[in-house]
Amino acid sequence: MSGSDTSWLGQSLPRHEDQRLLTGRGRFLADTARGCVHACFVRSTQAHARVRSVKTGSAAALPGVLAVLTAEDLGLDGAHLPMLHEPHPGFAEVTRFAMSDPRLPILASVRVHYVGQPIAVVVAESRHVAEDAAELVEVEYETLPPVLDPTAALAPDAPTLHAHLPTNEAARIEVGFGDVDEARRAAAVTVSDTLRIGRHGAVPLECRGVVARVDDRRDRVEVWTSTQIPHLVQQALCRVTGWARDEVRVAVPDVGGGFGTKANVYAEEVVVPVAARKLGRDIAWVEDRQEYLMSAAQGRDQVHHATLAVDANGRVLSWEDDFVVDVGASSLWTAGIIANTAIHLMGPYRVPAMRVTGRAAYTNKTIVAQYRGAGRPEACFALERCLDAAARRLGMSPEEIRRVNLLTADDLPYPRPIPYRDGVPISYDGRDYRACFDSCLEMLPRTVCDELRENYPEHDLGYGVATYMEATGRGPYETGRVRLLPSGRFEVATGAASAGQGHETTFAQVAADALRVSPDRIRVGNGDTDPVTYGVGTFASRSAVLAGSAVHLAATRLADRACGYAAMLLDTDAAGVVLGAGGFRADDGRVVDWTDLAAAFGPGGRLEGQPSLDELAQFRPQTVTWTMGVHAVVVGVHRDTGLTSVLRYAVAHEGGAEINPRIVEGQVIGGVAQGIGGALLEEFRYSPEGQPTSTTFADYLLPGMCEVPQIAVKHLYVPTAGNPIGVRGAGESGAIAAYAAIAAAVDDAVGGGDWRVTSVPIAPEQVRAAIARRSAAVAS
Amino acid sequence: MDHVSVRMTVNGVLVERQVPARTSLADFVRDELGLTGTHLGCEHGVCGACAVLVDGSSVRSCLMLAAQASGAEVTTVEGLPHSGRTARLRDAMSRHHGLQCGFCTSGFLITATELLTDADAVEAPDEGTVREVLSGNVCRCTGYQGIVRAVLEVAGGGATAPSGGEPAARGGGPGAAATAGQQR
């Protein structure tokens, strides 16, 4: 397809990325390590201990070892990473938000706080030798009792894990409005429950990795890292080392999945470049899977004590929740997680009174970052489980109680009496959430259970439904840059690094639309601090919204300026020049195209010496835009094993304009798959001593081909006015409601009795016990 | 470190190297031959990202020593044909969005190629068969939907099972297999 006057937005173009990835020509971090020496980290084998000594002599003596380096050796003694997020002061004030800085050392030298915490780094000629040497480093520990339960960690008599802090409280928040106590008095039914969302996480198929190359010519170090946030890595690295920004380039190769675990800054991303500069050698660190499952940031791990009051018709009167987040030894994202959880507890419903208190606690488990949804799945699980419980008490169906409470076109836009994390008062900017609900039920109605039953004679079938809200496209800003190349083609760069989201395709579509050219004339680089000095990154369902809008602004400005240059070439007035698919047309019909324009900047050309066509734009949204959606699921619970199979799945969501519908759909489906994993399979488990026991893929179970069914997705087109291309975020939405929907379906399958799913991943032994109790009750 | 001599044909080219005895086939093709399309996702034989064909059968190259493959014909993703069914599979994978980050893709292409070229395999495998054959490969991004559709399209098999409210075929399907999978 050549440039045409139809829009490039909204088209499911094939992805530019695919050609190289389908022929083995992707370049992931480990693929760029040629010529490097290799780093291997010495990690804590204890969950909580004082470090008495670190003896590196025998390791350093091993042939092939270049250095064994501790914090002191690297000049990093006492250094720690900066927190990555603090909420807006206005939000903090209203929510009485407070947080502490755990200041976890980049390399531990005095005390260790989790198994897997880095203590020293070995640099050797090969990865094999580096691993051999790491095993020879002798760390003498004085074991301390580990604290593994977040509620116990917050008890007044709990031992404090971080010496500079008075307690183990990582953060606290209070969000509320309306008179909860008064509202509750009028309740027909009040349900209370304790709901747990287990510890699991992103687990991308590519682990982490860093390659640091010393560039003596430019007196700088180039850091290639498998990250979603190169600019935040650069900032943190500079803050810790004191290096100037122009001494560090951070660039992103192909990234094999992120999902939040790589939207984090890691100690390893500091240690490897510091060691490279110290030794004057190019160093690669390529994480292995066991290392990832012990030491990379994990997610979720929340407990909610929730109480929902409804009237006789099922209308919500008041909603209370007190939750605790276990952020492990440290999280640079505590503020984001706890605030996301609190805010998303409101759901897409009319909630007249709410009282939420949340706390985050330090424990001796692995560090935590945002994982796809980052507090939203947990909030959704708490609210939706309570709605199901209330419906049951009232004798209503789960569908009915939701229809009673869902916001409709009459309610929307729906302002809430609290600010979002950016300090701007919340207003849901959707169209009709009840219509979205009905649309999902149309795709997958409860009756499907009955139709399927005879196909699964060994299973009890159940149906579940859940809804979610997702604030997407959080600021403060993102950068886009569009540059005309000498060939008449274009290069696009943004601060939003791609970890599989297809940015090369979607940002090219956005730019092509504004430049009136075919997307195949546009190349999009991955995250890199060289072409774009300031950026934020890819997380929080923000890239399409923010980076997409920034590219749109930059491309639009570039096109405007280009019209002026085209007018010079056409010897006419800029006002008379129109940019179309064929190029720049004067009102007398004469045309120059982008190739002519690019060539004219060359030596002797009409535009020689003119400022080049290279535009940089920042997009700053006024506030977030909200995506709402509904999940419906049919599960089969095997009567003998208690194992749950997901048989049918449907998602309807109120998304915005779509840049590439297939990519949006892929994000939603991929999110559901991860939600299925979290609901049924995945958990980071720890022994009573704090030893992680989910350190292989035989213990940490990822959903496979046979666990994820085909998932139907319906996109309801509700563009937002909050950004110039009308898009809403969708990257996390698929994961959010899967937990609650599957839990409801398992309840429905097991049916009756007192037992309900209150904890995920759903334990087959609990399901089996509930089935046994039901059988016993029927028999008696 | 003891070195061993290995000699094998990789993507049609005869190669001979002295390598440390502990060198895995994966490290051999990646580090010695620079064929980095073979990816390491777990290095303990679960994820399937490192699959290569050894004498026509898919193996996990992280679990095989280079020395064990001595004398064999090895095909990595770089050596898969650019015509015929594999080419159609690549095209179908792209059209059905069967990949996002692309890290697992090489392994899926290898395993699916084995399925599509297996003379003993059923003529037109159904969705259940495709899922079972590919169940040794993990994808964390796509939810597998596009991969299944792509393989079915090229295999000339039936349509995929319904996702929403359409009634299912009797037995089989993702649900029945899921029970087994969850017991891993």
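The values are calculated or read from the model by the stated rules, or taken from the named source; none is laboratory data. Everything numeric here is computed off the predicted structure, so don't read it as measured data. Here the Cβ positions follow ideal geometry from the backbone for every residue, glycine too, while neighbour counts run over all protein chains shown. These area figures cover heavy atoms from the full protein model, side chains too; ligands, DNA and RNA do not enter into them. Shrake-Rupley method; radii C 1.70, N 1.55, O 1.52, S 1.80 Å.
If the stretch A:504-551 were replaced by its equivalent ellipsoid, with semi-axes equal to the square roots of 5 times the Cα gyration tensor eigenvalues, what would those be, largest first, whole Å?
19, 13, 9
Over the stretch B:84-163, what is the relative contact order in whole percent, taking alpha-carbon pairs under 8 Å and six or more residues apart?
Once normalised by length, the contact order is 45 percent.
Magnitude of the Cβ-charge dipole of the stretch B:3-79, K/R +1 and D/E -1, about the Cα centre, nearest 20 debye?
Value, rounded to 20: 120 debye.
Along its principal axes, what span do the Cα atoms of the stretch A:372-513 show, with the longest given first and each in whole Å?
Principal extents (Cα only, largest first): 68, 45, 27 Å.
Nearest 500 deg cm²/dmol is fine: what mean residue ellipticity at 222 nm does chain A get from its DSSP H runs of n ≥ 4 alone, each adding -39,500 (n - 2.57), divided by its residue count?
-8500 deg cm²/dmol
If we restrict to alpha carbons, what Rg and Dmax does the stretch A:452-518 come to, in Å?
Every Cα atom of the stretch A:452-518 included, Rg and Dmax give 22.1, 67 Å.
Of A:K262/A:K365; A:K278/A:K365; A:K55/A:K278, which sit over 27 Å apart, Cα to Cα?
Violating the 27 Å Cα-Cα cut-off are A:K278/A:K365.
Only Lys, Arg, Asp and Glu count, each charged at its Cβ (+1, +1, -1, -1), so figure out the dipole size of the protein assembly as shown about its Cα centre, rounded to 20 debye.
640
Would you work out which of A:T32, A:C436, A:Y114 lies farthest towards the positive end of the dipole of chain A, given +1 charges on the beta-carbon of Lys and Arg and -1 on that of Asp and Glu, about the Cα centre?
A:Y114
Could you give log10 I(q)/I(0) at q = 0.20 Å⁻¹ for the stretch B:84-163, computed by the Debye formula over C-alpha point scatterers of equal weight, without solvent?
Log10 I(q)/I(0), no solvent term: -0.80.
Beyond 13 Å, what share of the Cα-Cα pairs of the stretch A:235-299 is found? Please give it as a whole percent.
Counting every Cα pair in the stretch A:235-299, those more than 13 Å apart make up 72 percent.
Between the alpha-carbon centers of the stretch B:3-68 and the stretch A:507-522, tell me the distance in whole angstrom.
For the stretch B:3-68 versus the stretch A:507-522, the Cα centre distance is 41 Å.
Suppose accessible area is computed on protein heavy atoms with a 1.4 Å probe; arrange A:H503, A:H38, B:H82, A:H16 from highest to lowest.
B:H82, A:H16, A:H38, A:H503
Quick check: pseudo-label points 7 Å beyond the Cα along Cα→Cβ at A:T696 and B:R22, how many nm apart are they?
Distance between the two pseudo-spin positions: 1.7 nm.
Find how much the distance from A:R25 to A:R620 grows on full extension, using 0.36 nm per residue of separation minus their present alpha carbon separation; answer in nm with one decimal.
Additional length available on full extension: 210.6 nm.
Would you mind giving the three semi-axes, in whole Å and largest first, of the ellipsoid equivalent to chain A according to its Cα gyration tensor?
The answer is 42, 37, 23 Å, longest axis first.
How large is the convex hull of the Cα atoms of the stretch A:66-139 per residue, expressed in Å³ as a whole number?
Per residue, the Cα convex hull of the stretch A:66-139 comes to 128 Å³.
Hey, what did chain A get for relative contact order, percent, Cα under 8 Å, at least 6 apart?
Over chain A, the number comes to 16 percent.
Along the charge dipole of the stretch A:579-638, pointing to its positive end and built from +1/-1 on Cβ of Lys, Arg, Asp and Glu, which listed residue (A:A586, A:P611, A:T627) has its Cα farthest out?
Of the listed residues, the answer is A:T627.
Write out the GluC sites (Glu not before Pro) in the stretch A:426-463 meeting two conditions: DSSP loop, and at most 12 other Cβ atoms within 10 Å of their Cβ.
Here the GluC sites (Glu not before Pro) that fit, given the DSSP loop and packing criteria, are A:E454, A:E458.
Would you work out the charge dipole size for the stretch A:597-650 about its Cα centre, treating the Cβ of every Lys and Arg as +1 and the Cβ of every Asp and Glu as -1, and quote it to the nearest 20 debye?
Approximately 320 debye in magnitude.
Report the one residue of B:Q100, B:L89, B:G143 whose Cα lies farthest in the direction of the positive end of the charge dipole of the stretch B:84-163 (charges on C-beta: Lys and Arg +1, Asp and Glu -1; origin at the Cα centre).
B:Q100
Which part of the stretch A:7-43 falls in the paramagnetic zone of A:L279, meaning amide N under 15 Å from the point 7 Å along Cα-to-beta-carbon?
Counting backbone N atoms under 15 Å from the label point, the list is A:33-42.
Counting DSSP beta bridges in the stretch A:189-295, what percent are antiparallel, to the nearest 5?
So the antiparallel bridges in the stretch A:189-295 amount to around 70 percent.
Take the Cα atoms of the stretch B:1-106, find their three principal axes, and give me the spread along each one in whole Å, biggest first.
47, 27, 21
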